[in-house]
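Here the structure is laid out as structure tokens; the discussion comes afterwards.
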Amino acid sequence: MLEVQNLSMRFGGLLAVDQVSLDVQEREIVSIIGPNGAGKTTVFNCMSGFYTPTGGKILFEGSEVQGKPDYKISRLGMVRTFQHVRLFNQMTVVENLLVAQHRHLNTNLVAGLLKTPNYREREQKSLDRAAYWLERVGLMDLANREAGNLAYGQQRRLEIARCMVTEPKLLMLDEPAAGLNPAETKDLNQLIVSLKEDYCVSVVLIEHDMSLVMDISDRINVINQGRPLASGTPEEIRQNDDVIKAYLGEA
Amino acid sequence: MAAQNIKHALFCAVITLIISYPILGFNLEAQGINVTIVGANATTIMGVFLAALVVFVFQLFRDSIMGKLGNLSSLSSGTHKEPMAENKRVKIESWVLTGIVVLALFWPFFMSRGAVDLATLVLIYIMLALGLNVVVGLAGLLDLGYVAFYAVGAYTFALLSQYLGVSFWFALPIGALLAATFGLVLGFPVLRLRGDYLAIVTLGFGEIIRILLNNWTSLTGGPNGIGGIPDPTLFGMEFGRRVKGEGNTSFHETFNIAYSGEHKVIFLYLIALVLAVITALVIRRFMRMPVGRAWEALREDEIAARSLGLSRTAVKLSAFTIGAFFAGFAGTVFASKQGFISPESFVFLESAIILAIVVLGGMGSQIGVVLAAIAVTILPELAREFSEYRMLIFGAAMVLMMVWRPQGLMPMRRIHIELKKQE
Ligand SMILES: Nc1ncnc2c1ncn2[C@@H]1O[C@H](COP(=O)(O)OP(=O)(O)OP(=O)(O)O)[C@@H](O)[C@H]1O
Ligand SMILES: [Mg+2]
């Protein structure tokens, strides 16, 4: 469903991403790994419409999306989380989820002022969807807390829930396990697998936690200094000499 | 640490001297065509040095002084109180608010004309501040030219009545819609701007409107302004001693009561009250609707908002347009209340005052904004003797507020949303 072909991104003299290709099928978890500064987040930024790539194509469900504005891409069903959590900190947890459902809501001002039946119905549906996902990620009791006051692990989960209420087809997670403790990482592992199994979303995952990556990925792409280094199943990657060299070299 | 403090305090004291000595310590005296510089008298110079000394001492003990102020705020904000049950509090709140509005409805009949007039002005500022609150408090867009939309509303009514004889009730929606259109038009060029840049462009826009009104003499009368703006009518009844408009009757004759100038003042007050209540209710509703949440999301994190499918263009433009709409409302009422308007009424200081009301009240908080509007409009009237020092007191109050309660008088409280458990 997603195909990235020879993606390149140049910042002035720096070629941050150089001819990276990857593809994602329906209900598949594909990981992107690589040392710090390899260009993983930049790939995400191009895919989510945040940057216009300087070269290459991005096809989502057959149509080219590179260079489209970010909000349009997310409306197509491709949403992302951020390496550094980006919540609406002063808004409550529920409100964070309601904002994300903007697209599903009746945004007609007059209908809202008059509280027409159609408006109420849609509002109630989005509240229910929010409640469902809060329950799912275990934040129901904190629904009316300000998002900025949550613990770090809770913020990470809220960010994923906020993506899921938009009912995406493809979810892009940028280092979701960063800063989580082992128990939380395990929950995250199960959550991501369940997103694929139960909600039929494909996941692109950037992660440094190798055990998580090896455990849940269907396929892995390795990039190093912007260039693709290897790709394949976790088993293949584990035994790839180039990858071992790159990682050992870094360490 | 201590040495650092002394150094810093000395630095501040010297800066105080450098700034105040040339300004206060010298006087320019005209002797014929020559201007000479004369040193000020001893008391002034003493005062300057004393001020420097005060600054020095304050900076030296700043940490402990600020610490005390901080303690004060924690006492006053009642953070240790048990929170009330959510629905109970909402109920009490809505009763109290309804009570206040009912009181406000009957209050003018027992008050002096001057007081009612002042209260009308307060209500106009409340409308303005509630509107600006949408742009600054909710959407987080620093708008320093808000007064331009106020001017558009006021001039729309003035011009329509002067050239076409349009009445208040027709001009009210037209003025508000025209102001909203201006908001939309200004919104486009500033879409990409944030923070300081946005502030400067909107400041420029405010000045452009004012200068345009000042110089387009053939249409607006320039600095002379426009007079003879009619009062609102009540179902075709006028409040003047003699009927001016064709087909109108006069209020006191219809009801067979003695003419009194107060009727008109009270009627205007009631109109302003109703409009202010409508403004508050509509914006309150917006805050609970998708559009209101989108404004706040954009303020909190524009990148995240966009990544979730919110279009920056639509969200920003809606905030600007709706904010401007209510300024247009206020402008029309203002024109009607004054009967005469000129560009003088729409200077930058007005924008600054409205912004100060929003900041003092607590960004995004409606009750806070209403309280601040009352305080900022009434206090200068009470302290007439100090009118020379008005801006000074104003500035000092702002600084103190920022130190003591940076979140404003009544910070915005989040709306509690009850969720049904899903199976
Ligand atoms: N907007 C930008 N302008 C200039 N250079 C950039 C920009 N964004 C990223 N870079 C550079 O591109 C390179 C890749 O950065 P990127 O954030 O994609 O790395 P990453 O693989 O996500 O690293 P990490 O694992 O640390 O998150 C880095 O050298 C970075 O400095
Ligand atoms: Mg990164």
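The values are calculated or read from the model by the stated rules, or taken from the named source; none is laboratory data. Here the structure is a predicted model, which is why all the values come from computation and not from measurement. All Cβ positions, glycine included, derive from the backbone under ideal geometry; neighbour counts span all protein chains shown. Protein only, heavy atoms only, side chains kept; ligands, DNA and RNA dropped before computing areas. Shrake-Rupley method; radii C 1.70, N 1.55, O 1.52, S 1.80 Å.
Below is a table of values for the structure above.
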quantity	calculated
Yes/no for A:VAL24 being of a type in the set (Val, Ile, Thr), closer than 25 Å to A:PRO234 by Cα and within 10 Å of ligand 1 (Cβ to nearest atom)	no
Which listed residue is of a type outside the set (Gly, Ala, Ser), modelled with pLDDT under 95, in a helix (DSSP H, G or I) and under 20 Å from A:LYS40 (Cα atoms), from A:LEU195, A:LEU248	A:LEU248
Selection status of A:GLN90, of a type in the set (S, T, N, Q) and either at the interface with chain B (Cβ under 10 Å from one of its Cβ atoms) or in contact with a Phe, Trp or Tyr (Cβ under 7 Å, 6 or more places away or on another chain) (or both)	yes
So A:GLY153, is it assigned to a helix (DSSP H, G or I) and touching an Asp or Glu at 6+ places or on another chain (Cβ under 6 Å)	yes
Test for B:VAL152: is it open to solvent by less than 40 Å² (accessible area, probe 1.4 Å) and in contact (Cβ under 8 Å) with a residue 12 or more places away in the chain	yes
Of the criteria (1) within 13 Å of the chain's Cα centre (by Cα); (2) within 30 Å of B:ASN215 (Cβ to Cβ); (3) open to solvent by 40 Å² or more (accessible area, probe 1.4 Å), which one B:ARG390 fails	(1)
Failed criterion for B:MET363 (all others in (1) under 19 Å from B:ASP117 (Cβ atoms); (2) open to solvent by 30 Å² or more (accessible area, probe 1.4 Å); (3) among the aliphatic types (A, V, I, L, M) hold)	(1)
Residue match in region A:95-104 (condition: closer than 20 Å to B:LYS421 by Cα, without any contact (Cβ under 8 Å) to a residue 60 or more places away in the chain, of a type in the set (A, V, I, L, M) and part of a loop (DSSP other than H, G, I, E, B))	no
Identity of the residue in region B:206-263, in a helix (DSSP H, G or I) and at pLDDT below 80, that ends up surrounded by the fewest Cβ atoms within 10 Å (Cβ to Cβ)	B:GLY261
Selection status of A:GLY34, within 12 Å of ligand 1 (Cβ to nearest atom), more than 14 Å from chain B (Cβ to nearest Cβ), touching a helix residue (DSSP H, G or I) at 6+ places or on another chain (Cβ under 6 Å) and under 25 Å from A:SER211 (Cβ atoms)	yes
Identity of the residue in region A:158-175, assigned to a helix (DSSP H, G or I) and not hydrophobic (A, V, I, L, M, F, W, C), that ends up nearest to the other protein chains (Cβ to nearest Cβ)	A:ARG162
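Table: residues versus (1) more than 9 Å from chain B (Cβ to nearest Cβ); (2) within 21 Å of the chain's Cα centre (by Cα); (3) touching a residue at least 12 places away in the same chain (Cβ under 8 Å).
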| residue | (1), (2), (3) |
| --- | --- |
| A:GLY55 | yes, no, yes |
| A:PHE60 | yes, yes, yes |
| A:SER63 | yes, yes, no |
| A:LYS68 | yes, yes, yes |
| A:PHE82 | no, yes, yes |
| A:ARG120 | yes, no, no |
| A:GLU146 | no, no, yes |
| A:LEU150 | yes, yes, yes |
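Residues checked against (1) open to solvent by less than 100 Å² (accessible area, probe 1.4 Å); (2) of a type in the set (S, T, N, Q):
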residue	(1), (2)
B:GLN4	no, yes
B:GLY25	yes, no
B:ALA30	yes, no
B:ILE33	no, no
B:THR36	yes, yes
B:ASN41	yes, yes
B:VAL48	yes, no
B:PHE56	yes, no
B:ARG62	yes, no
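For (1) at pLDDT below 95; (2) more than 16 Å from ligand 2 (Cβ to nearest atom); (3) buried (at least 20 other Cβ atoms within 10 Å of the Cβ); (4) among the basic types (Lys, Arg), each residue gets a yes or a no:
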| position | (1), (2), (3), (4) |
| --- | --- |
| A:LYS115 | yes, yes, no, yes |
| A:ARG120 | yes, yes, no, yes |
| A:LYS125 | yes, yes, no, yes |
| A:ARG129 | yes, yes, yes, yes |
| A:ASP141 | yes, yes, no, no |
| A:ASN144 | yes, yes, no, no |
| A:GLY153 | yes, yes, no, no |
| A:THR166 | yes, yes, yes, no |
| A:ASN181 | yes, yes, no, no |
